[in-house]
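First comes the structure, then the notes that go with it.
The values are calculated or read from the model by the stated rules, or taken from the named source; none is laboratory data. Remember, predicted model here, so these are calculated numbers, not experimental data. Neighbour counts run over all protein chains shown; Cβ positions are idealised from the backbone, glycine included.
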Amino acid sequence: MIPSDMFGLPQLLRFTLPIATSPDVPSGYVSGPGDLTLMDIFILPTQGDIPIRR
């Protein structure tokens, strides 16, 4: 996980790139990169932290 402060909000970023292996006839098996997954969790301020204009 990579902490970040993009766009003024605290965030946690996580990238996942698995290696997939599948059977291939007649050579045996084939390996390669799977699907890239990006998970971005950001934290919104609580109600007390939001400035209110009147």
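For the stretch 19-30, which positions are in contact (Cβ under 8 Å) with a residue 12 or more places away in the chain and loosely packed, with under 10 Cβ neighbours inside 10 Å?
Once the filter is applied, which keeps residues that are in contact (Cβ under 8 Å) with a residue 12 or more places away in the chain and loosely packed, with under 10 Cβ neighbours inside 10 Å, the stretch 19-30 yields only Ile19.
What pairs come up if the first residue lies in the stretch 31-43 and is of a type in the set (Lys, Arg), the second is at pLDDT below 95 and surrounded by 10 or more Cβ atoms within 10 Å (Cβ to Cβ), and their beta carbons are under 7 Å apart, counting only those six or more places apart or on different chains?
Here the result reads none, with nothing in the stretch 31-43 linked to a residue that is at pLDDT below 95 and surrounded by 10 or more Cβ atoms within 10 Å (Cβ to Cβ).
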